[in-house]
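Here is the structure we will look at.
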Amino acid sequence: MRLALQGARVAAAQGEVPVGAVVVRDDEWLATGWNAPVAGHDPTAHAEIRALRDAARVLGNYRLDGCTLYVTLEPCLMCAGAMLHARLARVVFGAVDPKTGAGGSVLDVFGDKRLNHQTQVCGGVLAHDCSVLLQEFFADRRSERRARAEPLREDALRTPEACFAALDGAEHARYVRDLPALDGLRLHYEDWGSPGAPTGWLLVHGPRGWSLEWRHLAAALAELGQRVIVPDLIGFGRSDKLKKEAAYSLQGQAGALAQLLRRLGMERVVLVVPGSEWARAWATRLQPLCVGTQVVPEPVLTPQAADAPYPDAGHRAGQRALARRQAHEETERAVEAASLTTVQALGLPTAFTFDGPEDARLLARRAVEYFAL
Ligand SMILES: [Zn+2]
């Protein structure tokens, strides 16, 4: 079934409904098939049919006596019929299909004594993995459709959803467009943990990063019952990107973040930001919503993950604008002194880094104790 799941993932990567099938005889692998009706303009190109065809070719026989077919989703009527014609001994499926399943859900083709051959059937094997794959696929497709339905400002770019395909699922992703400060731009943010809690954490990425860099810390804080908001600044990650560098301002970005927090009913947040210069810039601009500022080392993304939102230089205007802006923070530093909390204040070593889930859990525990939200 794990091999069949691999087939299903190939289908998903090709934009097909993720179903995979494997044919085995005497513990020997014969063929793998995955769903491909869209690409081949072929309504019969189900994973099972394709695996049966390949297995028959390998054996040089259209009868698959003694063979077992593993498939991630309960077979449909067509595939069940093909299996009976092939005299398949046994079919093992993962998730049930309550809409078109012919292995017992809607019809029970394999157990019908009126037919001349009965194939043994067994369902529910790795059912969770098989159905999660399908659910994620349909959720992605829905969010993509929603994204397409949302207009894009003429002076802005939007990273195609496909650029994020190889990265972690976006189950926490939310989008907002109607905040006054956004002026029609679409902002992406993640909302983790206790929904509706008025206090929580705002994790703002660094000038070269994007929201993905906080995934371990957000998960760790959410595990501790905290609410966590992780935005992509305009010009970064999954948010819209203005084409002109000059169109970006820290004030504008901070205004959007403050409006977002109010929209989400967040009255008090601890700000978490990489690097003290950067932290100071946000802390001053997010008063009075921000009750503390935790400075941390910036989590490292793989080059592939770091570059995913920026398919070309045009998408990087926001990065360039904010990197240049950072150089000007020097003057600002003298003017004000927002109080920053360092990792040392949490009892962690100066050289602390948190690139994995375990470090993130340690940091989250200490920070939750320290700020006692
Ligand atoms: Zn089918």
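The values are calculated or read from the model by the stated rules, or taken from the named source; none is laboratory data. Quick caveat, the model's predicted, so the values are computed rather than measured. Ideal geometry is used to build each Cβ from the backbone, glycine not excepted, and the neighbour counts take in all protein chains shown.
None of D359, D355, D307 is closer than 23 Å to A220 by Cα and at pLDDT 90 or above except D359.
The single condition among (1) away from the ligand (no atom under 14 Å from the Cβ); (2) surrounded by fewer than 17 Cβ atoms within 10 Å (Cβ to Cβ) that G81 does not meet is (1). Whether a residue is out of contact with any Leu (no Cβ under 6 Å at 6 or more places or on another chain), closer than 30 Å to C163 by Cα and either of a type in the set (S, T, N, Q) or surrounded by fewer than 22 Cβ atoms within 10 Å (Cβ to Cβ) (or both) was assessed, and G265 does not pass this test. For segment 122-130, state whether one or more residues are more than 11 Å from the ligand (Cβ to nearest atom), exposed (fewer than 13 other Cβ atoms within 10 Å of the Cβ) and not in a strand (DSSP E or B). The answer is yes, given that some residue of segment 122-130 is more than 11 Å from the ligand (Cβ to nearest atom), exposed (fewer than 13 other Cβ atoms within 10 Å of the Cβ) and not in a strand (DSSP E or B). You will find that of T72, T44, the residue that is hydroxyl-bearing (S, T, Y), within 14 Å of the ligand (Cβ to nearest atom) and over 26 Å from the mean Cα position of the chain (by Cα) is T44 and no other. A single member of A31, A55 is within 16 Å of the ligand (Cβ to nearest atom) and more than 30 Å from A139 (Cα to Cα), and it is A55.
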